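The values are calculated or read from the model by the stated rules, or taken from the named source; none is laboratory data. Keep in mind that this is a model prediction, so the values were computed, not measured. Virtual Cβ from ideal backbone geometry, glycine too; neighbours counted across all protein chains shown.
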Amino acid sequence: MQRDSLPDASHISDNKDAPTISLRKLEGIPDLQRRRLLRAGLAITAGGASAVLAACGGGEDVAVAAPATPGTPVVPVVPPVVVPPVDTRVASFALAVLPDTQFYSRYATADENTQFQRKYGSTPFLAQTQWIAANAAALKIPFTAHLGDVVDQQGKPQQWVIADEAMKALEAAKQPYSILAGNHDVRNDVDYVNASSQSSNTDAQRTLSAEPYLKTFPTSRAQLQSTFGGRDVSGFHEYHIFEAEGNRFMVMALSWRISDAALVWANKVIADNPTVPVILTNHQLLNIASDGFTPLEVPYGLMLWEKLIKGNDQIFMTFNGHYHGAAHLTKINDFGNKVEEMVVDYQMAYMGGNGLMRLCEFDLTHNKIKTISFSPWVPQKPAATLNDFDVAVLTDASQQFDIDIDFKQRFARFNPGFKTPEVSNEPINERAKAAILANYVEPSLTTKKPAVDENDYPVVASTVAHWRLFGGAEGAVVPVGFTVADKTGNNPIYREALTFNGSIIAQEGDMTWSTDHHYLSAAPGSVRFANTVNSPLRMSYFTTQSTAAINTATFANGYTVEAFIKIDPTWTAGKNAWMNIMERDGYRGEVAGFSGSDPEECPLIFAISSLREVQWEVVPSNAGSRSPKANWSGEIIAGKWIHIAIVNDVTLNETVMYIEGAPVLRNSANAPGLAYRLATDRWVIGGGAYNRQRANGFLGQIGEIRICAAPLVSAQWLTARRV
């Protein structure tokens, strides 16, 4: 059986010697238990389990067996009471939703060292579309909607090749889909701010012949879809009408930054199909608040609400990507009816989304829209590569939920003839989950042991510097000039003065000791960097001496950099974007052979981005021309300790970042060693510089930082225990 297809009927129900359990019975069982049931080979019935119950009694309903021999007492025989099987069938269909695939397209290319293929032997984008194609018939999926950001860098042709290949899997299976351009798919990526924004950077101002999106997904390609209804004159916006359960539905797919003219077109399309319920797909509409759950409306989404959604009662549901995570909002339109809005985007999760997609089951029998999110790619990955982040089916409330909707009543004003057909199939989402989990063996969890004392960690010979930021009482101030020893004895760091270039940039109480630390760090404490803001600048930091040996280290044979950090919960992008965990001083534009952008930056940047990603960006130490190379994590949760390891292996020609032991997706190649500008350029802990000025101080806690002149394996990291 193929890993990405549903078990066939014989696999599901013909094992007569096995115990049986219905797919309906699987509901409510915890995921781990459900997976074990599936792995145990339980026969799964299509219509629900039936039971045969025995009862005792007498009277006219009791049958009497004939005596076996003369004189044998007559024994009453109770006829079995047969409970008829419960009919769990429904009338339903499912819509497949593909949120932002940009990193799948990017990191499958040769430009990015074919990271998916080399490590896993497959790619998540193609795994998604192949799964849909293989299961569309069995799971009654009449249509697939892509939410945009098809690629990450619209100017890189290889990424469009990957996207083209993935979507061709649907075309080959005659599985219709809609597609739209996200901000990463267009040449001018400028956000909407207010009504005046409509005069620039919309589809109306683009040079259409130069847009890569329209070259890969032209109107002629869209016309091959059996559901295709049309595109606007720009070619960026399209609509489809599909049939399901005897009813017609429209998907209106609007690309990034729709023009007023295209909005007129969209309104007319809906008016020309007055009885058809509409699902609106768009790249940007609904956002997610900082709690990761609460829906948050944005100006562009409110513009669409005013100009398109609220006045068209046919629009009952919207989907968008763009914003990282998932949320759901119910709004009321001009007709007093509900519009269900969903945002879903997994690009900042492990492996750029780890193949996660969404399936929405429209249960016309029970008047519900049932939503699940899962990955068809995770079960395909080699078992040896799996870790705690490889979750095949998401179970939290924002990923798996039901929406109550009386379809006939909701559509009554414009489609009084909407049909509620006879039941015909088992619930779809439970079968989809069962299919995914039946082929997935959960990774064995490695037991991680906290340190028994402050020296319970592997000491490695290649250590160049190891700074352990602990020692004072909880809340005590780290005084200016205080020196933190380097375990090698070569590169101590000290707290810098409160002024820089004559300006006061800190208060002494901004840096204090804490007993809080990562549970796997043997260092029993940390330093808290408080009250940090970018403007007006306020920051506290440590530096090496200008004569430190590490200042001239180039790490030509590779390196491993580790850090334990916790971002303060009060962090905001406006005040703390691009804050530095560590930097290496120096104006990188003056590094010999430098070629690239942002010469004002330092040659080594270890920072937290405006999106709370970990950034590792360095100028390599190779001879000749050299440009900066960067690694990026996904979004980091504030208020939680994390361990970061960056491993540069020159024999493998790659630099890999690990967060909590798991490799990130966005890694770099061809970046040997670390360049520096001058021997007197110092290393900075908790801050950095830009254009020769101190900048971007850290807000949060730092426990340990260790730098080694060799690529280390995880058994040698600070999260391991001494041998």
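Residue-level analysis places His283 outside the set of residues that are of a type outside the set (Val, Ile, Thr), on the phi > 0 side of the Ramachandran plot and in contact (Cβ under 8 Å) with a residue 40 or more places away in the chain. Against the numbered list (1) of a type in the set (Gly, Ala, Ser); (2) within 26 Å of Ser514 (Cβ to Cβ); (3) in contact with a Lys or Arg (Cβ under 7 Å, 6 or more places away or on another chain), Ala607 comes up short only at (3). Name the residues in the range 664-688 that are over 31 Å from the mean Cα position of the chain (by Cα) and over 30 Å from Arg118 (Cα atoms), would you? Those that are over 31 Å from the mean Cα position of the chain (by Cα) and over 30 Å from Arg118 (Cα atoms): Tyr676, Arg677, Leu678, Ala679, Thr680, Asp681, Arg682, Trp683, Val684.
Of all the listed residues (Glu341, Glu297), the sole one being of a type outside the set (A, V, I, L, M, F, W, C) and surrounded by 20 or more Cβ atoms within 10 Å (Cβ to Cβ) is Glu341.
When the residues of the range 504-533 are filtered to those that are crowded, with 16+ Cβ neighbours inside 10 Å and in contact with a helix residue (DSSP H, G or I) (Cβ under 6 Å, 6 or more places away or on another chain), the one that is farthest from Thr719 (Cα to Cα) is Asn531. The set of residues in the range 612-643 that are polar (S, T, N, Q) and either part of a strand (DSSP E or B) or out of contact with any Leu (no Cβ under 9 Å at 6 or more places or on another chain) (or both) comprises Gln615, Asn622, Ser625, Ser627, Asn631, Ser633.
Looking across the range 580-590, the residues that are surrounded by 21 or more Cβ atoms within 10 Å (Cβ to Cβ) and either in a loop (DSSP other than H, G, I, E, B) or not assigned by TED's automatic domain parsing to the domain that holds Ile493 (or both) come down to Asp585, Gly586.
Every condition in (1) touching a strand residue (DSSP E or B) at 6+ places or on another chain (Cβ under 6 Å); (2) on the phi < 0 side of the Ramachandran plot; (3) surrounded by fewer than 20 Cβ atoms within 10 Å (Cβ to Cβ) holds for Gly292 except the one numbered (2). Select, from Thr554, Thr560, the only residue that is of a type in the set (Ser, Thr, Tyr) and either crowded, with 20+ Cβ neighbours inside 10 Å or in contact with a His (Cβ under 8 Å, 6 or more places away or on another chain) (or both). Only one candidate passes the filter, namely Thr560. Can you run down the residue pairs with Cβ atoms below 9 Å, 6 or more apart or on separate chains, where the first is in the range 464-490 and assigned by TED's automatic domain parsing to the domain that holds Thr560 and of a type in the set (Ser, Thr, Tyr) and the partner is crowded, with 16+ Cβ neighbours inside 10 Å and part of a loop (DSSP other than H, G, I, E, B)? That search, which allows pairs on different chains as well, returns Thr483/Pro492. When you look at Asn501, is it polar (S, T, N, Q) and either surrounded by 13 or more Cβ atoms within 10 Å (Cβ to Cβ) or in contact with an Asp or Glu (Cβ under 7 Å, 6 or more places away or on another chain) (or both), yes or no? Against the criterion (polar (S, T, N, Q) and either surrounded by 13 or more Cβ atoms within 10 Å (Cβ to Cβ) or in contact with an Asp or Glu (Cβ under 7 Å, 6 or more places away or on another chain) (or both)), Asn501 does not qualify. When you scan the range 347-355, do you find a residue that is touching a helix residue (DSSP H, G or I) at 6+ places or on another chain (Cβ under 7 Å), farther than 23 Å from Ser633 by Cα and either modelled with pLDDT under 95 or surrounded by 24 or more Cβ atoms within 10 Å (Cβ to Cβ) (or both), even just one? Within the range 347-355, none of the residues are touching a helix residue (DSSP H, G or I) at 6+ places or on another chain (Cβ under 7 Å), farther than 23 Å from Ser633 by Cα and either modelled with pLDDT under 95 or surrounded by 24 or more Cβ atoms within 10 Å (Cβ to Cβ) (or both). Name the residues in the range 133-150 that are of a type in the set (A, V, I, L, M) and touching a residue at least 60 places away in the same chain (Cβ under 8 Å), would you? Those that are of a type in the set (A, V, I, L, M) and touching a residue at least 60 places away in the same chain (Cβ under 8 Å): Ala134, Ala138, Leu139, Ile141, Ala145, Leu147, Val150.
Being β-branched (Val, Ile, Thr) and within 27 Å of Asn287 (Cβ to Cβ) is a description that does not apply to Val161. Among the residues making up the range 90-105, those that are surrounded by fewer than 24 Cβ atoms within 10 Å (Cβ to Cβ) and farther than 16 Å from Thr144 by Cα are Val90, Ala91. In this structure, does Ala166 turn out to be under 23 Å from the mean Cα position of the chain (by Cα), at pLDDT 95 or above, under 20 Å from Thr109 (Cα atoms) and among the aliphatic types (A, V, I, L, M)? Against the criterion (under 23 Å from the mean Cα position of the chain (by Cα), at pLDDT 95 or above, under 20 Å from Thr109 (Cα atoms) and among the aliphatic types (A, V, I, L, M)), Ala166 qualifies.
Just the residues that are among the charged types (D, E, K, R), assigned by TED's automatic domain parsing to the domain that holds Phe316 and either closer than 30 Å to Ile705 by Cα or surrounded by fewer than 16 Cβ atoms within 10 Å (Cβ to Cβ) (or both), please, taken from the range 409-458. Answer for the range 409-458, where residues must be among the charged types (D, E, K, R), assigned by TED's automatic domain parsing to the domain that holds Phe316 and either closer than 30 Å to Ile705 by Cα or surrounded by fewer than 16 Cβ atoms within 10 Å (Cβ to Cβ) (or both): Arg413, Lys419, Glu422. Checking each residue in the range 596-611 for being part of a loop (DSSP other than H, G, I, E, B) and modelled with pLDDT of 95 or more picks out Asp598, Pro599, Glu600, Glu601, Cys602, Pro603, Ser609, Ser610. Only one entry of Thr655, Thr651 meets the criterion of being in a loop (DSSP other than H, G, I, E, B), of a type in the set (Val, Ile, Thr) and outside the structural domain of Ala384 (by TED's automatic domain parsing), and that entry is Thr651.
Of the residues Ala349, Ala383, Ala392, Ala432, the single one that is free of Cβ contacts under 8 Å to residues at least 60 places away in the same chain and under 23 Å from the mean Cα position of the chain (by Cα) is Ala392. Taking the conditions (1) at pLDDT 95 or above; (2) within 30 Å of Pro524 (Cα to Cα) in turn, Ala662 satisfies each one other than (1).
Scanning for something assigned to a loop (DSSP other than H, G, I, E, B) and closer than 30 Å to Phe529 by Cβ, does the range 428-449 turn up at least one residue? Yes, some residue in the range 428-449 is assigned to a loop (DSSP other than H, G, I, E, B) and closer than 30 Å to Phe529 by Cβ. If the condition is being within 19 Å of Phe594 (Cβ to Cβ), surrounded by fewer than 22 Cβ atoms within 10 Å (Cβ to Cβ) and among the charged types (D, E, K, R), then the range 626-674 contributes only Lys629.
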